[in-house]
1. Return the only residue of A:Leu86, A:Leu159 being in contact (Cβ under 8 Å) with a residue 12 or more places away in the chain and either open to solvent by less than 70 Å² (accessible area, probe 1.4 Å) or of a type outside the set (Gly, Ala, Ser) (or both).
2. Here are B:Thr66, B:Thr77, B:Thr48: which of them is modelled with pLDDT under 85 and of a type in the set (S, T, N, Q)?
3. Which of (1) assigned to a loop (DSSP other than H, G, I, E, B); (2) modelled with pLDDT of 85 or more does A:Asp131 not meet, given it meets every other one?
4. Could you tell me whether region A:41-48 includes any residue that is open to solvent by less than 70 Å² (accessible area, probe 1.4 Å) and touching a Leu at 6+ places or on another chain (Cβ under 7 Å)?
5. Has region B:103-117 got at least one residue that is open to solvent by less than 70 Å² (accessible area, probe 1.4 Å), modelled with pLDDT under 85 and not in a loop (DSSP other than H, G, I, E, B)?
6. Considering each of B:Gly52, B:Gly5, B:Gly29 in turn, give the residue that is touching a residue at least 24 places away in the same chain (Cβ under 8 Å) and either more than 30 Å from A:Ile109 (Cα to Cα) or open to solvent by less than 20 Å² (accessible area, probe 1.4 Å) (or both).
7. Restricting to region A:59-69, and then to whatever is touching a Pro at 6+ places or on another chain (Cβ under 8 Å) and hydrophobic (A, V, I, L, M, F, W, C), can you tell me which residue is surrounded by the fewest Cβ atoms within 10 Å (Cβ to Cβ)?
8. Output yes when any residue across region A:96-109 is more than 30 Å from A:Ile14 (Cα to Cα), of a type outside the set (Asp, Glu), within 14 Å of chain B (Cβ to nearest Cβ) and open to solvent by 90 Å² or more (accessible area, probe 1.4 Å), and no when none is.
Amino acid sequence: MKRFFHWLITHPFISTLIFFTWLLLTSFTPGSAVLAFFLALIIPKLTDAFWVPQPKIHKPFKLVLFVFHVFYDIIVANLAVGRKVLSPSHHSRPGFIIYPLAMQEPFPITLLTSTISLSPGTLSAHLRPHDNTLLIHALDVDDREALVNFIYERYERPLKEIFGC
Amino acid sequence: MEYLGFLVELVVALLLVCGGLTAVVGGIGMVRFNDFYMRMHGPAMSSTMALGCMILASILFFWFHTGTLRFPELILTLFVLISAPVSAHLLTMSALHLKLPRQSNTQGGPFELNEKIDQD
């Protein structure tokens, strides 16, 4: 039975994404829910050969917590950058920071760089695969070590735990 | 019911004003900052906070006025959250590639793309 479910749902994440996207695009009626269910089963099966294997999500609840943390950080960073923009004498000290990545898999690294770029004040500039580092541009940086530590504790360690890598 | 409608409209108006203000501040940031890399931080404000506020306002407004609970705006949020960081990343990479000038007190050495290392 377990094996049958594994065969039926090869990509659980993509299936859920298709299901909810279809429901959001059409309407929340039983008919469209049935159609969304079948599409969520069939589309990952048909496109199975094209997917590069990705690390599985080990802790989905931690992912939800991570998303809320990121939203909170985006609001805080927006206020900080807004204050910097509007202050009459702005003496910001921008800087480039090399951030050593502790992950190897492409998908978690993409999530990390997107998170860094989404919060105003930090911007992922360049991923350097040869020594597995990320070049970050920060708008106003006092302590470079502190920023690297903050990103590791706040974003990268939860991502590592979520994807188990 | 009358009172609730007023409350919802108040919240929607506040969210719209908040989003508009954030977008304006992001635009002012693009004008005031000195080099390309710092200017990239302005649009990040309008594509996160401003858009988020406006989408929340839209969801609330149409939820209340049509009475049906369906929000296709969430898909808009998802697509923007996926595409905005990628475009910012590519723009910054091309700026590094073109060796655009940076503000004089920028910390950290002048990083440039090394074709030999980076293109494999």
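1. Selected residue: A:Leu159, the only one of A:Leu86, A:Leu159 that is in contact (Cβ under 8 Å) with a residue 12 or more places away in the chain and either open to solvent by less than 70 Å² (accessible area, probe 1.4 Å) or of a type outside the set (Gly, Ala, Ser) (or both).
2. That would be B:Thr66, the only listed residue that is modelled with pLDDT under 85 and of a type in the set (S, T, N, Q).
3. For A:Asp131, the exception is condition (2).
4. Yes, region A:41-48 contains at least one residue that is open to solvent by less than 70 Å² (accessible area, probe 1.4 Å) and touching a Leu at 6+ places or on another chain (Cβ under 7 Å).
5. Scanning region B:103-117, I find at least one residue that is open to solvent by less than 70 Å² (accessible area, probe 1.4 Å), modelled with pLDDT under 85 and not in a loop (DSSP other than H, G, I, E, B), so the answer is yes.
6. B:Gly5
7. A:Leu65
8. No, region A:96-109 has no match at all.
The values are calculated or read from the model by the stated rules, or taken from the named source; none is laboratory data. From a predicted model like this one, the values you see are computed outputs, not experimental measurements. Note: ideal-geometry Cβ built from the backbone for every residue, glycine included; neighbour counts use all protein chains shown. Calculation scope for accessible area: heavy atoms of the full protein, side chains included, ligands and nucleic acids excluded. Shrake-Rupley method; radii C 1.70, N 1.55, O 1.52, S 1.80 Å.
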